[in-house]
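Enquirer: Below: one structure in structure tokens.
The values are calculated or read from the model by the stated rules, or taken from the named source; none is laboratory data. Computed from a predicted model, the values in this text were never measured in an experiment. Please note: Cβ atoms are built from the backbone with ideal geometry, for glycine as well, and neighbour counts cover all protein chains shown.
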Amino acid sequence: MRNILGVDVGGTFVRMGTLKNGKVENPVKRSSAEIFSHPEGAAAGLAQALAEYAAGTQFDAVGVGIPGTVSRDGERVLNVPNIPGLNDTPLRDALTDALKAPVFVENDITMLTAGDSRRLDLDSGVVFGCYIGTGLGGSVLVDGKLLRGRSALCEPGHVPIYGLDRPCGCGKSGCAEAYVAGRALERLLAEKYPQGHISEIFDLMSEEDLTEYVDILAHLLATTMQLLDPDAVIMGGGVCAMSGFPREKLLERLGELCMKPVPASTLNLLYPVASDVSGIYGAAVFAEGSLI
């Protein structure tokens, strides 16, 4: 029986746990500020924290989800906006030395897609993970394996939507993320519904605002459907889990935008239930799959 260590690195917390018999055991949450303030650097701090967790246990593999960009070969962390101490670091080697086990470092959205695909029994075929939180991230798995481009990027949130020009945090304008992700919803709340709470934004929206939201997101997804013809689209992240998220309207509009009879008649949007250990589980599942 394999012991797999899953690690979910975030700007506020680092979560770690052991995958056994398909379940996460012994989950631990530690402060990111504490870990990444190590005198020898952020990579050394993470290596020490994981070594302390693993004390006395030999792991068969370690999966580490990073909220940023990782090199195509998984050796280096290139850019982590919320944890600059990890920028341009050979994290995989540092963790391998500390844990004496194969280490697989990837973007955290890829890890979430791997975990949700396992839980939703989507280990074969093409799966597109679309996760909408503060931003909008994604990944593509083919038969459980990550589809990697030349630079290992998968940034659906930064696909430009024709006719839109709102500035985006990436430096471009008109990106889908600038209209449908969490920051955009907070902006809408402040401008039009200041007496409400962000958790209620979809219930507060006027029909006009909701229609615009659905239309922009549907155009992004339609582009993906036409290019990839995926077996399933996983709609994850905090925004998709919010009260009133327009699932039916989105599916209807997406069907209108897609080519008929397919993929319009084969659309499969799935909404997984998230938990505090989803990132740990996904990282461990990705690592386990990478051993095969």
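Enquirer: Within the stretch 179-210, take every residue that is closer than 20 Å to Leu254 by Cβ and of a type in the set (A, V, I, L, M) and give me the one that is surrounded by the most Cβ atoms within 10 Å (Cβ to Cβ).
Expert: Ala181
Enquirer: Can you tell me which of Ala184, Ala222 is in a helix (DSSP H, G or I), over 19 Å from Tyr271 (Cα atoms), under 22 Å from the mean Cα position of the chain (by Cα) and at pLDDT 95 or above?
Expert: Ala184
Enquirer: Kindly list the number of the only condition in (1) touching a residue at least 12 places away in the same chain (Cβ under 8 Å); (2) under 17 Å from Asp209 (Cβ atoms) that fails for Gly135.
Expert: Only one criterion in (1) touching a residue at least 12 places away in the same chain (Cβ under 8 Å); (2) under 17 Å from Asp209 (Cβ atoms) is unmet by Gly135, namely (2).
Enquirer: Could you grab me the full set of residues in the stretch 1-12 that are modelled with pLDDT of 95 or more and either closer than 25 Å to Pro81 by Cα or out of contact with any Phe, Trp or Tyr (no Cβ under 7 Å at 6 or more places or on another chain) (or both)?
Expert: Residues satisfying the conditions are Leu5, Gly6, Val7, Asp8, Val9.
Enquirer: Filter the stretch 1-26 down to the residues that are among the polar types (S, T, N, Q) and part of a strand (DSSP E or B) and list them by number.
Expert: Matches in the stretch 1-26: Thr18, Asn26.
Enquirer: If you scan the stretch 102-117, which residues turn out to be closer than 10 Å to Ser139 by Cα and not in a helix (DSSP H, G or I)?
Expert: We begin by selecting, within the stretch 102-117, every residue closer than 10 Å to Ser139 by Cα; these are 107-114.
Result: Asn107, single match.
Enquirer: Does Thr96 meet the test of being touching a strand residue (DSSP E or B) at 6+ places or on another chain (Cβ under 8 Å), surrounded by 14 or more Cβ atoms within 10 Å (Cβ to Cβ) and either more than 24 Å from Asp276 (Cα to Cα) or aromatic (Phe, Trp, Tyr) (or both)?
Expert: yes
Enquirer: Do we have any residue at all in the stretch 192-203 that's closer than 30 Å to Gly74 by Cα and outside any helix (DSSP H, G or I)?
Expert: no
Enquirer: Could you tell me which numbered condition Glu25 fails, if it satisfies all but one of (1) surrounded by fewer than 17 Cβ atoms within 10 Å (Cβ to Cβ); (2) under 20 Å from Phe286 (Cβ atoms); (3) in contact (Cβ under 8 Å) with a residue 24 or more places away in the chain?
Expert: Exception for Glu25: condition (3).
Enquirer: Provide a single number: the residues in the stretch 135-175 that are touching a Cys at 6+ places or on another chain (Cβ under 7 Å) and under 21 Å from Arg119 (Cα atoms).
Expert: Count: 3.
Enquirer: State whether the residues of the stretch 217-240 include one that is without any contact (Cβ under 8 Å) to a residue 60 or more places away in the chain and of a type in the set (Asp, Glu).
Expert: no
Enquirer: Looking at the structure I just gave you, is Tyr213 closer than 19 Å to Gly236 by Cβ, touching a Leu at 6+ places or on another chain (Cβ under 7 Å) and surrounded by 14 or more Cβ atoms within 10 Å (Cβ to Cβ)?
Expert: In short, no.
Enquirer: Something else: For the stretch 70-90, enumerate the residues that are part of a strand (DSSP E or B) and surrounded by fewer than 18 Cβ atoms within 10 Å (Cβ to Cβ).
Expert: The answer is Leu78, Asn79.
Enquirer: Filter the stretch 27-44 down to the residues that are assigned to a helix (DSSP H, G or I) and touching a helix residue (DSSP H, G or I) at 6+ places or on another chain (Cβ under 6 Å), then identify the one that is farthest from Asp97 (Cα to Cα).
Expert: The selected residue is Ile35.
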